[in-house]
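A short reminder: the numbers here are calculations on the coordinates, not readings from a lab. Fair warning: this is a prediction, and the values are worked out from it, not measured in the lab. Note that we place each Cβ from the backbone using ideal geometry, even for glycine, and neighbour counts take in every protein chain shown.
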Amino acid sequence: MNWLEPTLIYSHVFAGASVLLSGLVAMLTPKGGRGHRMAGQLYFWGMFWIFASAFLLISMVRFNIFLLVIGVFSFYLAFSGFRVLKRKLPGQQGWIDWGVAIFAITAGLGLLFYGLYMLIGPGRYSFIIYPIFCILFGFFTFNAARTDVRFFLNPELISTKQWWWYHHMQAMLGSYIAAVTAFLVQGGAAFLPDWDMSWIFWLLPAAIGSPLISRWVNRYKRQFGNASDMVHISAFNKKRAGG
């Protein structure tokens, strides 16, 4: 068992580094090109191993709430953003999409209630950031998966032809923000253990990244336009009603 912990930790760190690098490459290369696709594949599988190694560390070595929360949230966003490329038309989700979404809903609710328990239950945490962190990211995970399930059940709610493009961008970039947050929090704890402002590492990536994602997605929406989108969705709805 002595070899297991360092093996998991080093592989987890290596996967984290590959995610940060491949995610940056995917952002900077032409969308749909070979470089973008290869970087995206590396990013997804790196994120998968971050989640898997975190789960193994938590269940077999020692419990770490930070690894659990970031691992579940970032992996589900990466999974959803990756899988949407396989189901560009509404209603094309498969059993794996359903299964992972249901897992994420369950995990998100579990994290949310665990955070509430840490906040108000007996033996409450003195460091309030962890309960709040669990509550917020539990809700974010639950809401991301719940939204996917809502569209699985009601594909007519999708109103644009390029919905998959926007979803892919938002989910993948959201998972990248989570990965950067993990890097800053872990790095900050290692190199600035006594800094009173370490909480800023939890907020800075989302505070900077979220507006940039919104602007980037809106730029593509203006570029694609909405006219052809509505024609496409109208045709889809008629076909669905007739089928």
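Ranking PHE14, PHE82, PHE51, PHE183 by Cβ neighbours within 10 Å, fewest first, what do you get?
Least crowded to most crowded, the residues run PHE14, PHE183, PHE82, PHE51.
Return the calculated 222 nm mean residue ellipticity for the chain, to the nearest 500 deg cm²/dmol, obtained by summing -39500 (n - 2.57) across DSSP H runs with n ≥ 4 and dividing by the residue count.
Working: 8 runs with 188 residues, N = 243.
So the helix-based figure for the chain works out to -27000 deg cm²/dmol.
Report, in degrees rounded to the nearest 10, the 0 to 90 angle that the Cα long axis of helix 227-242 makes with the longest principal axis of the chain.
Taking the Cα atoms of the chain, the angle to 227-242 is about 80 degrees.
For all pairs of alpha-carbon atoms in the range 1-63, what percent lies in each bin of width 5 Å, listed from the first bin to the last filled one?
Percent of pairs per bin, in order: 4, 20, 24, 17, 12, 10, 7, 4, 1.
Rank the residues LEU112, LEU77 as a footprinting-exposure proxy: fewest other Cβ atoms within 10 Å of their Cβ go first.
Result, fewest neighbours first: LEU112, LEU77.
Quick one: compute the contact order of the chain, relative version, from alpha carbon pairs under 8 angstrom and 6+ residues apart, as a percent. Walk me through the numbers before you get to the answer.
Details: 255 pairs, mean separation 46.2, N = 243.
Computed over the chain, the figure is 19 percent.
Can you give the FRET efficiency for LEU157 and TRP216, using 1/(1 + (r/R0)^6), R0 = 22 Å, r = Cβ-Cβ distance, to the nearest 0.05?
FRET efficiency, LEU157 to TRP216: 0.40.
Quick one: angle between helix 34-56 and the longest Cα principal axis of the chain, in degrees between 0 and 90, rounded to 10, please.
In the chain, helix 34-56 runs at an angle near 40 degrees to the longest axis.
Can you give the charge dipole size of the range 2-123 about its Cα centre, rounded to the nearest 20 debye, using +1 on the beta carbon of Lys and Arg and -1 on the beta carbon of Asp and Glu?
540
Relative contact order for the range 29-90: what percent, with Cα pairs under 8 Å and sequence separation of 6 or more? Don't skip to the end; give the middle numbers.
On the way: 25 pairs, mean separation 18.6, N = 62.
Relative contact order, the range 29-90: 30 percent.
Among ILE132, ILE105, ILE208, whose mean-square fluctuation peaks in a Gaussian network model of the chain (Cα, cutoff 10 Å)?
Largest GNM mean-square fluctuation: ILE208.
In Å and whole numbers, how far do the C-alpha atoms of the range 85-141 stretch along each principal axis, longest first?
48, 15, 11
How far, in nm, would the chain grow between PHE103 and SER11 when pulled straight, counting 0.36 nm per residue and subtracting the alpha carbon separation?
30.7 nm
Normalized C-alpha radius of gyration of the chain, against 2.2 N^0.38 Å?
Compactness ratio reported: 1.09.
Against the longest alpha carbon principal axis of the chain, how many degrees, from 0 to 90 and to the nearest 10, is the axis of helix 65-83 turned?
Relative to the chain, helix 65-83 is tipped by roughly 20 degrees.
If you add up the charges near TYR43, with Lys and Arg at +1 and Asp and Glu at -1, over every other residue whose beta carbon is less than 15 angstrom from its beta carbon, what do you get?
Net charge around TYR43: +4.
Just to confirm the filter: which trypsin sites (Lys or Arg not before Pro) across the range 94-162 are DSSP coil and have at most 15 other Cβ within 10 angstrom of their Cβ?
Loop-located and lightly packed - ARG124.
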